[in-house]
1. Quick check on this structure: which one of Val26, Val85 is closer than 27 Å to Glu160 by Cα, touching an Asp or Glu at 6+ places or on another chain (Cβ under 7 Å) and modelled with pLDDT of 95 or more?
2. Any residue in segment 46-61 that is farther than 17 Å from Ser21 by Cβ and in contact (Cβ under 8 Å) with a residue 24 or more places away in the chain sitting within a Cβ distance under 7 Å of a residue that is of a type in the set (Gly, Ala, Ser) and buried (at least 16 other Cβ atoms within 10 Å of the Cβ)? List the pairs, counting only those 6 or more apart or interchain.
3. Which members of segment 90-111 meet the condition of being surrounded by 20 or more Cβ atoms within 10 Å (Cβ to Cβ), within 11 Å of Ile55 (Cα to Cα) and not aliphatic (A, V, I, L, M)?
4. In segment 1-23, which residues are modelled with pLDDT of 90 or more, more than 26 Å from Pro105 (Cβ to Cβ) and open to solvent by less than 100 Å² (accessible area, probe 1.4 Å)?
5. Every residue in segment 39-53 that is of a type in the set (Gly, Ala, Ser) and loosely packed, with under 15 Cβ neighbours inside 10 Å, please.
6. Give me the pairs, please: first residue somewhere in segment 149-163 and modelled with pLDDT under 95, second residue anywhere and in a helix (DSSP H, G or I), beta-carbon distance under 9 Å, and either six or more positions apart or on two chains.
7. Taking the conditions exactly as written (closer than 22 Å to Met25 by Cα and within 22 Å of the chain's Cα centre (by Cα)), does Leu93 satisfy them or not?
8. Identify, by number, the condition in (1) open to solvent by 30 Å² or more (accessible area, probe 1.4 Å); (2) within 21 Å of Val167 (Cβ to Cβ); (3) part of a loop (DSSP other than H, G, I, E, B) that Gln56 doesn't meet.
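The values are calculated or read from the model by the stated rules, or taken from the named source; none is laboratory data. The shown structure was predicted, so the numbers you read here are calculated from the model rather than taken from an experiment. Virtual Cβ from ideal backbone geometry, glycine too; neighbours counted across all protein chains shown. Just the protein is used for accessible areas: all its heavy atoms, side chains included, with ligands, DNA and RNA removed. Shrake-Rupley method; radii C 1.70, N 1.55, O 1.52, S 1.80 Å.
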Amino acid sequence: MTTHQTLDPIEYLSLHVTMRSPRDMVRIWEDGDLAWDGPAVPYQRGPAWTRDQQIQLIASSLSGIPIPAIITNRRNWKTPGPVYVVIDGQQRLRTFAAWFKGNLPVPATWWKDGMYEQAFSTVDGPYVTYADLTVLGQRYFNNHASLAVAEGSLPTVQAEAEVYLRVNGYGTVQTDADLDRAARVARGE
């Protein structure tokens, strides 16, 4: 039997939530001030999303569907390494990093005329990368994609791992039957 008892009352974490652009978050990572894997974040898993999941995140960003908050921690304690770590949201940030680096092509049909310079053929039709977008297309994406970022000031890696477990460890995975039923409804069947 699992116990839900604690030694002390649950402490309110007071996470500060702001809206950030995915591009800004990737830049912080590129500058070395944000980590989402490796020794700095030992409780995190590695890359897990499929290409289809990544493409759907870009579609959600373009269509204005709210994306769950990225949870970060500002490490105020004295330690070498990044200033911020990602407690939850690594897969989303990896996806945006791949998109901005030009490593994640998406359907060209998602973009209005004049928003991309060139497309390349795939078995699924024409695709583009972020680098293929015109300045107008890049601005369009950057102005429409936003992320809620919840920033904490947790005192230890162990406290970060507790938040990670609370966010990721207690949900129920969608079954194939659940997803198939929703797909049928979406297709009007």
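1. Val85
2. Gln54/Ala98
3. Hits for segment 90-111 are Arg92, Thr95, Phe96, Trp99, Pro105.
4. Leu15, Val17, Thr18
5. Gly46, Ala48
6. Cβ pairs passing all conditions: Leu154/Glu160; Leu154/Glu162; Leu154/Val163.
7. Values: closer than 22 Å to Met25 by Cα: yes; within 22 Å of the chain's Cα centre (by Cα): yes.
For Leu93, the condition - closer than 22 Å to Met25 by Cα and within 22 Å of the chain's Cα centre (by Cα) - is met.
8. (3)
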